[in-house]
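The values are calculated or read from the model by the stated rules, or taken from the named source; none is laboratory data. Owing to the predicted nature of the structure, the values given are computational and were not obtained by experimental measurement. Don't worry about glycine lacking a Cβ; one is built from the backbone with ideal geometry, like all the others, and counts go over all protein chains shown. Areas reflect the complete protein model, heavy atoms only, side chains present, ligands, DNA and RNA absent. Shrake-Rupley method; radii C 1.70, N 1.55, O 1.52, S 1.80 Å.
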Amino acid sequence: MPQRVFDKFVAKYSGNKYVRHFTCWNQLLCMIFGQLTNRDSLRDLIVIIDAHRNKV
């Protein structure tokens, strides 16, 4: 799904209304990354994302 299409849905339902840093798009990318890397749990996903924090 292109980001512009996703952004239209987010705007339609005010998904980022009270968001300061972690937008709906960022959350979608993290969830896709978790699925593609076959993570077992949300905690496992958080550990691997924290391990790569300095690379950004």
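What to note about this one:
- Of all residues in the stretch 8-36, those that are free of Cβ contacts under 8 Å to residues at least 24 places away in the same chain have Cβ atoms under 7 Å from Cβ atoms of residues that are loosely packed, with under 12 Cβ neighbours inside 10 Å, 6 or more apart or on another chain, in Trp25/Gln3.
- Residue list for the stretch 6-40, restricted to those being open to solvent by 60 Å² or more (accessible area, probe 1.4 Å), outside any helix (DSSP H, G or I) and among the small types (Gly, Ala, Ser): Ser14
- Per-region count, the stretch 41-56, residues open to solvent by 80 Å² or more (accessible area, probe 1.4 Å) and among the hydroxyl-bearing types (Ser, Thr, Tyr): 0
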